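Following: one structure in structure tokens, then a few remarks.
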Amino acid sequence: MDVSSEHSAGHSTTDGAARAKLQLPASCDPPQFEAPRKQLVWVVFGGTGHMGRSLVKSALSHGDLVTSVGRVFETTPEDMSAQDNDSCLGLLCDVRARDSVARVIEKSLDRFQRVDVVANCSGYGVIGACEDQDEHEIRNQFETNFMGTLNIIQASLPYFRHQNAGRYLIFSSTSGALGVPGLGPYCATKYAVEGLIEAMLYETDSFNVKATLVEPGFVRRDEPDTMPTPLPTWGHFLIKPASEAYAQATSPALHAKRMVQWLGDRQPTSAVKCAELVWQLAHCSYPPLRLLLGSYAIESIRDRLRSVTEELEDWKHLNFPVALETGVEADGKDSKADHDEFMADSIQDAQGQVTT
């Protein structure tokens, strides 16, 4: 099957103008809607989640080819088979199992002959105080969010290296840049994913393999979920009842739960608009390391970086320069002199406090 065709100009002028208003910065060299572009082959893990669904729809609407990978706990093989057509392959996968991920890559290659973009939208989180979350819940978050991402990379990277091209779009979160009360273990998994991708980029740069961490803010669902669950959920989060110690209405541990309730009454960032920008990201020439989507994501991470910078400035005087002299004797003299000076200053301060 030949998948190197150009995208046909089937969109109306009005539709093209509307899409053009939402575009990545020119520094990324994003795709121009009126210009022909290469048809890409996607593998979207978590393609049945609210963000994954929107991304699959966006890629297909632009003429790309997609393998939509459903999550085992919410879909069946029959559900995914129903998505099959000339442009889309529906598969089922548990990202926690490396063999399951490898089979998805193999079947995608068999169907479309190549893979250009791997997107990971799968994720799982538990809302609850760190103390309240049991070992199974914590391990499940790490197995899904971190090990799932690593399994996807290790299954697809050999192919990307061989073809000397490839792109990863890894959905992270603002929780990978700042700690959120009530989401401690989830934040830990996202911090781990961010470190993994940053390190991998250095290792794979010579293979022309690029990656971007997509960090959306509050993203609303494009359509409601109908699957029954034993505990209340929002998106891919499970809300765990708080223990007595953290059940007070003003408890910081309930911040994440209050945030979810706040989202239910407002219109946060659109998943459809996010998907449109992520599609552009796959087609741009110079992708950023991070793509922040939504005003909440930008403002919260900017505030976090400002706080870290201010803290560094407060404590930079504690830097200890290396002595110019060499040798044990010189170091010993410098250390003794510094110690004597410190003790003298301390005594002076103590005497001043006594006299006042």
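Inside the stretch 167-216, residues that are within 12 Å of the chain's Cα centre (by Cα), in a helix (DSSP H, G or I) and among the β-branched types (V, I, T) make up a count of 4.
Which residues, counting only those in the stretch 156-167, are in contact (Cβ under 8 Å) with a residue 12 or more places away in the chain and surrounded by fewer than 21 Cβ atoms within 10 Å (Cβ to Cβ)? Selection gives L157, Y159, R161, Q163, N164, A165.
When we screen G47, G70 for residues that are small (G, A, S) and either in contact (Cβ under 8 Å) with a residue 40 or more places away in the chain or in a loop (DSSP other than H, G, I, E, B) (or both), the only hit is G47. Would you tally the residues in the stretch 109-133 being at pLDDT below 95 and of a type in the set (D, E, K, R)? Residues flagged as at pLDDT below 95 and of a type in the set (D, E, K, R) within the stretch 109-133 amount to 2. Taking D303 as meeting all but one of (1) out of contact with any Phe, Trp or Tyr (no Cβ under 9 Å at 6 or more places or on another chain); (2) farther than 24 Å from L196 by Cβ; (3) at pLDDT below 80, write down the number of the exception. Looking at each condition in turn, D303 falls short on (3). Report yes if F45 is in contact with a helix residue (DSSP H, G or I) (Cβ under 8 Å, 6 or more places away or on another chain), modelled with pLDDT of 95 or more and in the same structural domain as A155 (by TED's automatic domain parsing), otherwise no. Yes. In the stretch 283-314, how many residues are in contact with a helix residue (DSSP H, G or I) (Cβ under 8 Å, 6 or more places away or on another chain) and buried (at least 18 other Cβ atoms within 10 Å of the Cβ)? Residues in the stretch 283-314 being in contact with a helix residue (DSSP H, G or I) (Cβ under 8 Å, 6 or more places away or on another chain) and buried (at least 18 other Cβ atoms within 10 Å of the Cβ): 9 in total.
Could you say which residue among L89, L60 is farther than 16 Å from N120 by Cβ, crowded, with 21+ Cβ neighbours inside 10 Å and either of a type outside the set (V, I, T) or modelled with pLDDT under 90 (or both)? Going through L89, L60 in turn, the sole match is L89.
Determine whether G90 is under 21 Å from Q280 (Cβ atoms) and either free of Cβ contacts under 8 Å to residues at least 12 places away in the same chain or in the same structural domain as Y286 (by TED's automatic domain parsing) (or both). Considered against the rule, which asks whether it is under 21 Å from Q280 (Cβ atoms) and either free of Cβ contacts under 8 Å to residues at least 12 places away in the same chain or in the same structural domain as Y286 (by TED's automatic domain parsing) (or both), G90 comes out as no.
Could you please find all residues in the stretch 169-189 being over 17 Å from M147 (Cα atoms) and crowded, with 24+ Cβ neighbours inside 10 Å? G182, L183, listed by residue number. Please go through (1) touching a strand residue (DSSP E or B) at 6+ places or on another chain (Cβ under 6 Å); (2) outside any strand (DSSP E or B); (3) aromatic (F, W, Y) for Y159 and return the number of the only condition it doesn't satisfy. All conditions are met except number (1).
Determine whether V104 is over 16 Å from T149 (Cα atoms), within 23 Å of the chain's Cα centre (by Cα) and either surrounded by fewer than 20 Cβ atoms within 10 Å (Cβ to Cβ) or in the same structural domain as P158 (by TED's automatic domain parsing) (or both).
Numbers: over 16 Å from T149 (Cα atoms): no; within 23 Å of the chain's Cα centre (by Cα): yes; either surrounded by fewer than 20 Cβ atoms within 10 Å (Cβ to Cβ) or in the same structural domain as P158 (by TED's automatic domain parsing) (or both): yes.
When the stated conditions are applied, V104 does not pass them.
The values are calculated or read from the model by the stated rules, or taken from the named source; none is laboratory data. Keep in mind that this is a model prediction, so the values were computed, not measured. We place every Cβ from the backbone using ideal geometry, glycine too, and count neighbours over all the protein chains shown.
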